[in-house]
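Scroll down for the structure; my scribbles are underneath it.
The values are calculated or read from the model by the stated rules, or taken from the named source; none is laboratory data. Remember, predicted model here, so these are calculated numbers, not experimental data. Methodologically, a virtual Cβ is constructed for each residue, glycine included, from the backbone with ideal geometry; neighbour enumeration extends over all protein chains shown.
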Amino acid sequence: MSDSRTAAWQQIEALPQETLGDLFAGDDARVDRLSGRIGWGEGEDAAGIRFDWSKTHLTDDLLAGFEALAEASDFTAKRAALFAGDTINVTEGRAAEHTAQRGFGSEASVEEAQALLARMQMLVEAIREGALGQIKHLIHIGIGGSALGPALAINALTRDLSYVDCHVVSNIDGVALEAAFEACDPATTLIAVASKTFTTIETMTNADSALTWLRENGVADPHGRVVALTANPERAVEWGVDETRVLPFMESVGGRYSLWSSIGFPVALAAGLDEFAAMLDGAAAVDEHFANTDGRDNLCLRAAFADQYYARVRGCQTRAVFAYDERLALFPSYLQQLEMESNGKRVTSQGEPVGGPTAPITWGGVGTDAQHAVFQLLHQGTHMVPVDFIASIAPGDALNPAHHRILLTNCFAQGAALMAGGNMSADGKDPAREFPGNRPSATILCDDLDAATLGALIAFHEHRTFANAVLMGINPFDQFGVELGKKMAKDIDGGAAEFDASTKALLEASGLG
Ligand code: F6P
C-alpha cells in the first residue's frame, strides 16, 4: 500500500468510535448532512431516490479521512478512466464500458452501444409485430450476469404490462428447465440464449435441451425460434442461430454489468422498449451524479466510505440488504454477484495483497418477511451487521392502503430500533430482553419503483462497488476466482485428473468414479 494510503487509513483508524445516539444528540443537521437525493425528470415527471446514511457511524472527521483515502487512491483519475473507456480492467486488458450503454463513455463506444441497442430495438419490434409467429412465452437461458439482471428487472417491472410470459432459467439442474417447459407451449415459445462468451456449460447445455424440447414438440426449425444475446456473435452463428437473430454487445461490457446491453432483451420484449429506455435513463441520472460530484457529496462514494469503515474498522464481515418491496425480491441476489464477484479478491490490481478485508458477504431478503426470520440476530446477536433498507413511497399494489402503510412503518421502525436499542422487560433489566442498539443502517427511499428508479438503483450499486474497489486498490472487473472449480468439474467429467480421497469417495458413491 502506498504511504499516503497507509497514512489515510491510520488517520481513519485513530478516530474515536462514537455511538449513533451520541452522533444524533444535539446535532439537528445530521440527517440533512448525511442524506442526499439523486433525481431526474422535470415538473410532474420529476422523481428520484433519497439516500439516508445518517444512521451510520460516519462523522465529519471520518468523511474527511475517507476523502483523504480516496485522494490517495487516485479516485478522481480512476473514475475518469472508467468513463473514458480506458483499459481499467488491467488483468484482462480491457475497458469496462457499461456506462456507454447509458450514454456515458467515449464517443466511439457510446455510438457503438447505441447502434447495437437500435438493432435490439428492431428485433423486439419485429417479434412484437409477429415476425416469428405468435410468441406468448419466452424462456431466457443464461447464468450469472446473463440471468440475474434480466430476472430482477422482469420481476420488478412486468407485473402489469408483460407482453410475454417470461421464464429465466440459469441452473444446470434440469429441474429448472423442466419447470419452464411445463409452463410454456412450445408452439408459441421463443428461446433467448444469453451468454457473453457463448461457451458457458450450463447455458449451452440448457440451450441444447431447449432445442430438443422444441423439436420433439413439433417445431420443425428449432434454431429459428432462438435469439442469441452475446459478445461472441460468431460462436452463436456457428451454434446455429441465424445472424439476423444474434444481438451482439461489446466485449468491454462485463457480464455482471450487462443488463444494459442486449442481455436486457427479455426486459425490452416483456416490459416494452419505453420501459427499457427509462431504465437506461434512470441509470444515466446516477452516472451523471457519480461522474460530476466530488468527495462526500458523491452519494455512491459516501456509501463506499461507510462500507469500508464497517469492513475494516469495525470488522463487519457481512452487509445485509432488505428490500421492503416484493418487486425487489431478487435484488439481494443480484447484488451478491455484483459486489462479491467484483470485490471478493485478495490482491490489488498490481497483484499485491490488499492488506485488509475486501468485499463483505452480501446477504439479505425482503421485508417484512425477513423480520420474522433473521432480524433476531440483527437486533440481539453478537455480530454487527450494517443494513441497507430499500423502500418505495408509492405503493406497488392497489389494495387497502394499510398494506403499504404497515410495510413502510415496519421498514422505518427496524432502522430506528437497531439504532436506539432498549430493554423490553417490565423492570428494564432482563438481559434476554435487552437490545444493545447502536447498530447501523442506511435507508434508500424511492419516490416510486418504476423502470427509471430500478435503473438508478442498480447503477448506484455499480458505482458504489467501483468506488469500494478503488478505495481498496482492487480491479473489480475480472473474476478469476470462478475458474478453478470450473476446470476441476471438467476434469472430473473427462475422467482426466487425480483427486483427493474425499472427492474420489464422493465420485464413487455417486457412480461417477
Ligand atoms: O461465473 C463467472 C461468469 O463469468 C460471470 O461473471 C458471468 O456473468 C457468468 O459466468 C456467465 O458468463 P457468460 O455470460 O459468458 O455465459
TODO: Residue by residue through the stretch 447-472, note down the ones that are surrounded by 22 or more Cβ atoms within 10 Å (Cβ to Cβ) and outside any helix (DSSP H, G or I).
DONE: Leu449
Open item on the list: Tally up the residues in the stretch 249-277 that are among the aromatic types (Phe, Trp, Tyr) and away from the ligand (no atom under 16 Å from the Cβ), please.
Closed with: 1
Task: Looking only at the stretch 121-163, and only at residues there that are of a type in the set (A, V, I, L, M), more than 16 Å from the ligand (Cβ to nearest atom) and assigned to a helix (DSSP H, G or I), the one that is surrounded by the most Cβ atoms within 10 Å (Cβ to Cβ) - done: Ala156
Open item on the list: Go through (1) free of Cβ contacts under 8 Å to residues at least 60 places away in the same chain; (2) part of a helix (DSSP H, G or I); (3) more than 27 Å from the chain's Cα centre (by Cα) for Ala68 and report which single condition fails.
Closed with: (1)
TODO: Considering (1) surrounded by fewer than 17 Cβ atoms within 10 Å (Cβ to Cβ); (2) away from the ligand (no atom under 16 Å from the Cβ); (3) not hydrophobic (A, V, I, L, M, F, W, C), say which one Glu92 fails and leave the rest.
DONE: (2)
Open item on the list: Residues that are among the β-branched types (Val, Ile, Thr), touching a strand residue (DSSP E or B) at 6+ places or on another chain (Cβ under 9 Å) and assigned to a loop (DSSP other than H, G, I, E, B): does the stretch 336-348 have at least one?
Closed with: no
Task: Gly355 vs. criteria outside any helix (DSSP H, G or I), under 21 Å from Glu67 (Cβ atoms) and touching a residue at least 24 places away in the same chain (Cβ under 8 Å) - done: yes
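The rows are residues; the columns are (1) touching a Cys at 6+ places or on another chain (Cβ under 8 Å); (2) assigned by TED's automatic domain parsing to the domain that holds Ala303; (3) not in a helix (DSSP H, G or I).
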site: Gln376; (1), (2), (3): no, yes, no
site: His379; (1), (2), (3): no, yes, no
site: His383; (1), (2), (3): yes, yes, yes
site: Asp388; (1), (2), (3): no, yes, yes
site: Cys411; (1), (2), (3): no, yes, no
site: Gly428; (1), (2), (3): no, yes, yes
site: Arg439; (1), (2), (3): no, yes, yes
site: Leu445; (1), (2), (3): no, yes, yes
Task: Subset of the stretch 358-374 [part of a helix (DSSP H, G or I) and out of contact with any helix residue (DSSP H, G or I) (no Cβ under 8 Å at 6 or more places or on another chain)] - done: Asp369, Ala370, His372
Task: Test result for Arg30, surrounded by fewer than 19 Cβ atoms within 10 Å (Cβ to Cβ) and within 25 Å of the chain's Cα centre (by Cα) - done: no
TODO: Find the residue count for the stretch 373-405, including only residues that are within 28 Å of Ala311 (Cβ to Cβ) and without any contact (Cβ under 8 Å) to a residue 60 or more places away in the chain.
DONE: 8
Open item on the list: Looking at the stretch 227-244, I want the residues that are under 16 Å from Ala207 (Cα atoms) and touching a residue at least 24 places away in the same chain (Cβ under 8 Å) and have a partner that is within 15 Å of the ligand (Cβ to nearest atom) and in a helix (DSSP H, G or I) with Cβ atoms under 6 Å, at least 6 apart or on another chain. Which pairs are those?
Closed with: Ala228/Ala236; Leu229/Ser262; Leu229/Ile263; Leu229/Phe265; Thr230/Ala236
TODO: Taking the residues in the stretch 192-202 that are under 16 Å from Ser258 (Cα atoms) and touching a strand residue (DSSP E or B) at 6+ places or on another chain (Cβ under 9 Å) as candidates, determine which candidate is farthest from the ligand (Cβ to nearest atom).
DONE: Ala192
Task: Sole exception among (1) touching a strand residue (DSSP E or B) at 6+ places or on another chain (Cβ under 9 Å); (2) under 16 Å from Glu339 (Cα atoms) for Phe305, by number - done: (1)
